[in-house]
Amino acid sequence: MPKLDLAAVPVRKGSGYPPPFDVPCAQRLRQRLGDAGGLTDFGVNLMRLPPGNWSSQRHWHSAEDEFVFVLEGELALVEDDGETTLRAGDCATFPKGSGNGHHLINRSAAMAVYLEVGSRSPADITTCSDIDMMSANADGRFVHKDGTPYSRSG
């Protein structure tokens, strides 16, 4: 049956970033709905972002479109040109290759809930805008922008 049982979809807390870049995202909660439903062409994540947390490091994708739809709460969308407030019912799009780094920050006092949709391109390189880090979908490893791998301690 195509209907997903949300209670049965695993919840992943935090991020896979190496320290210290994982700290701002340490309490974020992700449920990979697309994976749970067997989707392979695009991913859909149900995200819960507690007050004070970031969705990710500010980043952009070389070969992957991204879409965000806010279900509950309020988030600050931070991108190259500044900040925009997103509230329940608002959405934002991030075309591949734009070079416009973006992320969400919950500056409110309440949990924010949103859907995150991406195209899952195996050729995608994620580049962080504010720090020396990038990652390839092909292997998922976080490396410095010169290609040097991060050590386990950062």
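Read the figures in this text as sums done on the coordinates, not as results from a lab. Keep in mind it's a predicted model, so treat the numbers as computed, not measured. Note that we place each Cβ from the backbone using ideal geometry, even for glycine, and neighbour counts take in every protein chain shown.
For the residues Y114, Y150, what sequence is obtained by ranking on other C-beta atoms within 10 Å, fewest first? The partial results should precede the final answer.
Values: Y114 24, Y150 17.
Ranked by crowding around the Cβ, least crowded first: Y150, Y114.
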In debye, nearest 20: dipole of segment 1-64 around its Cα centre with unit charges on the Cβ of K, R (+) and D, E (-)?
240
The answer for the net charge of residues other than E83 whose Cβ lies under 15 angstrom from its Cβ, with Lys and Arg +1 and Asp and Glu -1, is -3
Theoretical gain in end-to-end length, S98 to L6 [0.36 nm per residue, Cα-Cα removed]:
29.8 nm
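Per DSSP helix of 4 or more residues, -39500 (n - 2.57); summed, then divided by the residues of the chain. What does that give at 222 nm, rounded to the nearest 500?
Numbers: 1 runs with 4 residues, N = 154.
Roughly -500 deg cm²/dmol at 222 nm, from the helical runs in the chain.
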Spelling out what I want: for every residue of segment 8-25, take phi, set θ = phi - 60°, compute 6.51 cos²θ - 1.76 cosθ + 1.60 (Karplus), and round to whole Hz; glycine and proline get x.
8, 7, x, 9, 9, 9, x, 9, x, 4, x, x, x, 6, 7, 4, x, 10
In terms of modelled amide H atoms, which long-range or inter-chain residues lie less than 5 Å from the amide H of S119?
G43, D65
